[in-house]
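First comes the structure, then the notes that go with it.
The values are calculated or read from the model by the stated rules, or taken from the named source; none is laboratory data. Everything numeric here is computed off the predicted structure, so don't read it as measured data. Using ideal geometry, Cβ is built from the backbone for each residue, glycine included, and neighbour counts are taken over all protein chains shown.
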Amino acid sequence: MEMLSAKYNPAETEDKWYSYWLEHKFFHSEPDSREPYTIVIPPPNVTGILHMGHVLNNTLNDVLIRKARMDGKNACWVPGTDHASIATENKVVAKLKAMGISKEDLTREEFLAHAWQWKEEHGGIILKQLRKLGASCDWDRTRFTMEPDLSRAVINTFVYFYKKGWIYKGVRMVNWDPEALTAVSDDEVVHKDTQSHFYHLRYYVSDGAGNPTGKYLVIATTRPETIMADAAICVNPADERHRWLRGKKVLIPLINREIPVIEDDYVEMDFGTGCLKVTPAHDVHDYEIGLRHNLEVLDIIDERGRLNEKARILVGEDRFVARKKIVKMLEEAGNLEKVEEYTSPVGYSERTNAVIEPRLSAQWFLKMDTLAKVALETVESGRTRFIPEKYMNSYRHWMENARDWCISRQLWWGQRIPAYYLPDGRYVVESTPEAALEAARAICPGIKMEDLRQDEDVLDTWFSSWLWPISVFDPDMPGNPGHKPNADLAYYYPTNDLVTAPDIIFFWVARMIMAGNEFMGRQPFSNVYFTGIVRDKIGRKMSKTLGNSPDPLDLIKTYGADAVRIGMLLCSSAGNDIFYDETQVEQGRNFCNKIWNSYRLIKGWNTDASIAQPEASAMAVKWFANRLSLAVETVEDHYSKFRISDALMTTYRLFWDDFCSWYLEIVKPSFGEAMDVATYEATLGFFESLLKMIHPVMPFITEELWQNMAPRKDGETIMYAPSPVSNGYDASVIDAFAFASEAVNGIRNVRNQKNIPPKEKLSLVVKGWFPMSMEGIVKKMAGVGKVDFVSGDSKVSGATFLVRTTEITVPLTGLVNEEEEIAKLQKDLEYQFRFLEGVRKKLSNAAFTAHAPEAVVANERKKEADALSRIGIIQKQLDSLKNK
RNA sequence: GGGUGUGUAGCUCAGUCGGUUCAGAGCACCUGCCUUACAAGCAGGGGGUCGGCGGUUCGAAUCCGUCCACACCCACCA
C-alpha cells in the first residue's frame, strides 16, 4: 500500500465514504425481526439553511442512531422538512416584493405557485447539507409536512377532531400580527419590556345632553389612540375617591361621545388614577369587562394596524402615528393632564417583530383540556422521560394551564381548513369537497358545488408537525374511519429518542405527545433529550444579524466533518447552553490527526514469526485488554444516561492516553526492527475495537481506516460492525499498571529535573512493594537498565521518590544536590504530618468512630498507617542524607 | 411580579448515596524537547476559600436556611 500522508485529509475521504454508504443503502431500514430503534428528525424549515443549532442537534441524533445500529438494532432515522407556514410565507412575500409584486395583487393560486417554486428551489438544501455532516438518515423515507400524503393526514385529523366536538369556531381576542396579517398563537408572542409613556387624560362629566360640565375624571393610558373605541370608564366599587361618579356619564375627548362610568373589581385602586378606560375591541381584559357589563364593542383598528372610519378622527393613520398626533390634539384641547415615562411589557410577534394588536376575530380552536391532561400523565408516569428532568416542571405548569389552541392562520401557505360554507352561513367540515357537498346536501338539498365556499384560512404549522412521528410512517392516520393497519407504523412506533431544543417543548414536543396518545394510544417517544442553545463563546445567541454564527459548511471544509462533530459534542452537556468556540473544533481535528498517525505507526510495522513476544509487550496486551473492557463499560453507562460528551471524553482519553501514550509506546519495536506476531495481532484487534467505539462520533475517519486496515469486501462497512463489548476486567491488573505508570512518571521527573537525556539508561533501587509483572514496562517506558530490589534497611543514595509506600531511588552520585534533596524531603514530610494530624483528629473523635460506618473508619486507619509508613521512610532518608 | 435552573481552575464542564489520598477532566497556560507515527506532537509542571453568610452533622462541593449574581420560562396592573 502507498504511504499515508502525515496529516489526515478529510475532504478526500468524506465524500467517498458518504457515497459508498448511500450506494449500498446502509442508511435504509425496513421492518424485520430485529429490535427497532427509531428517531424522527426535528424537521427543519424547508427553506432554511444549516446553522450551528442544526449541527448540534443532528450530530447528537447521528451518534445515537449509529450507536444503535452497531448495537444490532434495526436503526431508522426519518428525515424531512417542515413547511413552516408563517416563516416561509414571509420569505415568499419578501421575495415577491423585491420583484415588484405585491401579495394582494395575486390570487391565492398564483401566490401558491410562487411559493411552490420557491420551495422547489430552496427546499431540501438543508437536507443536502446534513449529508456533509455525515448524517445517516434514511433518505428514502424523506418527508415534507405539506406533501400530499402528510397534508391528507392533517386534513383527516382536523375532521376527526371536529367530529369529536373538540374543534370549534369562535370569535375571540387573538394576537394579531399586523404585518403578517394573521393571528398567531400565545406561544408565538414574545413579551419585551418597552419604554413608553403613561398619558393622563381628562374625561369631562356630561351634563346629560352631551355637553361637558366643569367636572372631570382622569384616566391613565399607554394607548391614547384607542380612546375613540372606549365603551366605558371603570372604577373599583370600593374606591371612595370615585364614589361621586356613580351613575354619571362622561365624554370621550375630541369626539365627545358619551360613555357610562361602571364599577368592577378588576380595577386596581392603587394603580394609575384608579380610573380605567374600557376598550373592549382592543384589549383582552377590557373585552372581558365588556362581556360582564354588556358593553358595545367598537373596533377602530383595521388589519394593518391603521385607524378605520369608526374612529371618526385620524382615519387611515397607523396606530403609532395616530398616537403621536392624538397626544398633540389632546394637549391642545386641554385634555392632557400629564405624561409619565413608563416601561411596560409589550407583545411582539416572534416572526415579524411587529407589535401584537389584540384583535377580535373569528378563529378555529382545538380544545386542550383532555389532550393536555393525558399528555401530562404520559410524562409524569415516565412513559416519556425528559433529559434533563428539570423541564418536567415547566411542562407540568404549561399542561395544567393549557388554553385552547388557536389553530387557524390567515395565510395561504399551509393546509387549508376543510370547512365549507353554505350561502346561508352554515358550514360543513369534510375531508374532501365531494364529501362536503354530500354533507351540505343533507342539510340543504339541491345545493351545488359552486355554492360552497371553503374557509380561507390555513392551519397552524404545528398542527401538521404534531403528527410527525405517526404521519411519516402512516399518513392515513389511525383513528380515521376505514383505516387499515400499517406495518411500518406498527414496527417503528413508538420512536425511541427525540433530540430537540427546549424552546419548542410546548409548540412541538407536548403536542406530539398529545397526538401520539390520541391516535396511537401511547407516547410517541420514550426519551426526549433537550439540547442547549448554541451561543458564541461570550454567551450571545448565534444570529445572522450579529454575524457571530460560523457557516457549518465552511467549518467542515476547513477542519473536516468529524472534527466539527467532536467540537460540538465536547461542549454539550445535556440541557445546558453550548458555548461554541472554534478551538474545540481544532481539538477535534487534532484528534483525527492523532488517530490517523497512530494508524500510520501500526501500519508501518513488520512482523517476524521467529521473534518471541517480549515480556513487556505481553503484559501491555494483558493490561490494555482489561483497560478496554473497563472503558467499554464506562462508555455504555454514559450512553445509557445520554451523557454523550462524557462517553466521548472517555473514549478520547482511552485512545490518546492509554492506547497511544502508553500501550503503543510499550509495544513499539526499536527503529528498523520487526515485531512479534502475537503483539501485532493483538494491537490490530485493539485498534479495530477503538475505531468501532469512535465510529458513532467520527464516522468518516473510522470508516476510512477500518477499510484500510484489512482487506474488505465491497458492501462491508464499520457502520454495521458490532460495538465492542466488555469481557470483564481484572482490577488488580489495572491497579498494577497504575502503580507502574506512577513509577515511570517519578523517574521521568527525576530525569527532567536533573537534565538527564532520554537515551541515558538509569538504574533503580526499589524498597517495598512492587508489581513484578510490570518490571519490563517500567524499564522500557522510563529508560531503566537495571532494577535492584532491596530490603528496608539498605542504605541507598540518589534521587528518591515515593510511589504509595514504596521508596524508589535513582542512584545518581554526582548529580544530586543534597541541600535540595533535603529541602524537598522536608517539605514532603511536613505535608505528611499535616495529613496524619487530620486523620488522627478524626480517629480520636469518639463520635466519629461511633457513628461512621465500619468501612469509613477502617479506611481512616489505613490512611493513618500509610502516612506513618511514609513518614518513617522520609525520616530515614533525611537521616542518611544529613549523616553523610 | 411568579416560577425554574445555574454558580467548582483562565475557559467549558464532571463530581452518583454526605465519607476512597476528593477537590477532578479536557482545553488554555508555563518549562524542556524538531526523541524516525503525529510540533495538529512528546515529557513534565503550576493553578481553585467549590458564589457569600449561617445552620444540621462525628464529617458538607454534596443536605437545610438566607443573601448575591446570572440564565431561562410564565405573567393583563391599564
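Looking across the stretch A:806-827, just one residue is surrounded by 16 or more Cβ atoms within 10 Å (Cβ to Cβ), in a helix (DSSP H, G or I) and aliphatic (A, V, I, L, M), and that is A:825. Tell me whether the stretch A:273-289 contains one or more residues that are assigned to a loop (DSSP other than H, G, I, E, B), more than 15 Å from RNA strand B (Cβ to nearest atom) and at pLDDT 90 or above. No, the conditions are met nowhere in the stretch A:273-289. Filtering the stretch A:836-884 to residues that are among the charged types (D, E, K, R), more than 8 Å from RNA strand B (Cβ to nearest atom) and part of a helix (DSSP H, G or I) leaves A:837, A:840, A:841, A:854, A:861, A:864, A:876, A:879, A:882.
Scanning the stretch A:722-746 for residues that are within 21 Å of residue A:693 (Cβ to Cβ) and buried (at least 18 other Cβ atoms within 10 Å of the Cβ) yields A:723, A:724, A:729, A:733, A:737. Applying the condition of being hydroxyl-bearing (Ser, Thr, Tyr) and more than 31 Å from the chain's Cα centre (by Cα) to the stretch A:403-444 and asking which residue is surrounded by the most Cβ atoms within 10 Å (Cβ to Cβ) yields A:420.
Output the residues belonging to the stretch A:747-761 that are within 10 Å of RNA strand B (Cβ to nearest atom) and surrounded by fewer than 21 Cβ atoms within 10 Å (Cβ to Cβ). Answer for the stretch A:747-761, where residues must be within 10 Å of RNA strand B (Cβ to nearest atom) and surrounded by fewer than 21 Cβ atoms within 10 Å (Cβ to Cβ): A:748, A:749, A:751, A:752, A:753, A:755, A:757, A:758, A:759. Does the stretch A:814-833 include one or more residues that are of a type outside the set (D, E, K, R), within 13 Å of RNA strand B (Cβ to nearest atom) and out of contact with any helix residue (DSSP H, G or I) (no Cβ under 9 Å at 6 or more places or on another chain)? Yes: the stretch A:814-833 contains one or more residues that are of a type outside the set (D, E, K, R), within 13 Å of RNA strand B (Cβ to nearest atom) and out of contact with any helix residue (DSSP H, G or I) (no Cβ under 9 Å at 6 or more places or on another chain).
Out of curiosity, is residue A:264 surrounded by fewer than 23 Cβ atoms within 10 Å (Cβ to Cβ) and within 16 Å of RNA strand B (Cβ to nearest atom)? So residue A:264 fits the description; yes.
Using the structure shown, decide if residue A:187 is within 13 Å of RNA strand B (Cβ to nearest atom), in a helix (DSSP H, G or I), at pLDDT below 90 and out of contact with any His (no Cβ under 6 Å at 6 or more places or on another chain). Taking the combined requirement at face value, the residue satisfies it.
Just to be sure before I move on: is residue A:722 of a type outside the set (Val, Ile, Thr) and more than 16 Å from RNA strand B (Cβ to nearest atom) in the structure I sent?
yes
Is it the case, given these coordinates, that residue A:351 is part of a loop (DSSP other than H, G, I, E, B) and crowded, with 16+ Cβ neighbours inside 10 Å? In short, yes.
Of all residues in the stretch A:795-805, one or more are among the β-branched types (Val, Ile, Thr) and in a strand (DSSP E or B).
The C-beta contact set for the stretch A:740-760 (first residue within 24 Å of residue A:663 (Cβ to Cβ), second residue charged (D, E, K, R), distance under 8 angstrom, 6+ apart or interchain) comprises A:742/A:804; A:758/A:751. Of the residues making up the stretch A:4-30, just one is outside any loop (DSSP other than H, G, I, E, B), within 16 Å of RNA strand B (Cβ to nearest atom) and of a type in the set (A, V, I, L, M, F, W, C), namely A:11.
Among the criteria (1) in a loop (DSSP other than H, G, I, E, B); (2) more than 16 Å from RNA strand B (Cβ to nearest atom); (3) crowded, with 18+ Cβ neighbours inside 10 Å, the one residue A:371 does not fulfil is (1).
Of all the residues in the stretch A:333-359, those that are aliphatic (A, V, I, L, M), at pLDDT below 90 and away from RNA strand B (no atom under 16 Å from the Cβ) number 1.
For the stretch A:389-402, the candidate set comprises residues that are near RNA strand B (Cβ under 8 Å from one of its atoms) and part of a loop (DSSP other than H, G, I, E, B); within that set, the residue that is surrounded by the fewest Cβ atoms within 10 Å (Cβ to Cβ) is A:401.
A single entry from A:95, A:91 fulfils the requirement of being free of Cβ contacts under 8 Å to residues at least 60 places away in the same chain, assigned to a helix (DSSP H, G or I) and within 30 Å of residue A:565 (Cβ to Cβ): A:91. Only a single item in (1) at pLDDT 95 or above; (2) over 18 Å from residue A:590 (Cβ atoms); (3) within 10 Å of RNA strand B (Cβ to nearest atom) is not met by residue A:632, and it is number (3). With respect to the conditions (1) among the small types (Gly, Ala, Ser); (2) over 14 Å from residue A:26 (Cα atoms); (3) surrounded by 24 or more Cβ atoms within 10 Å (Cβ to Cβ), residue A:75 lacks only one, and its number is (2). Yes or no: residue A:781 within 13 Å of RNA strand B (Cβ to nearest atom) and aliphatic (A, V, I, L, M)? Yes.
Restricted to the stretch A:403-450, and to residues there that are of a type in the set (A, V, I, L, M) and touching a residue at least 60 places away in the same chain (Cβ under 8 Å), the residue that is nearest to RNA strand B (Cβ to nearest atom) is A:407. Does the stretch A:642-663 contain at least one residue that is basic (Lys, Arg), buried (at least 17 other Cβ atoms within 10 Å of the Cβ) and in a helix (DSSP H, G or I)? Checked the stretch A:642-663: no residue is basic (Lys, Arg), buried (at least 17 other Cβ atoms within 10 Å of the Cβ) and in a helix (DSSP H, G or I).
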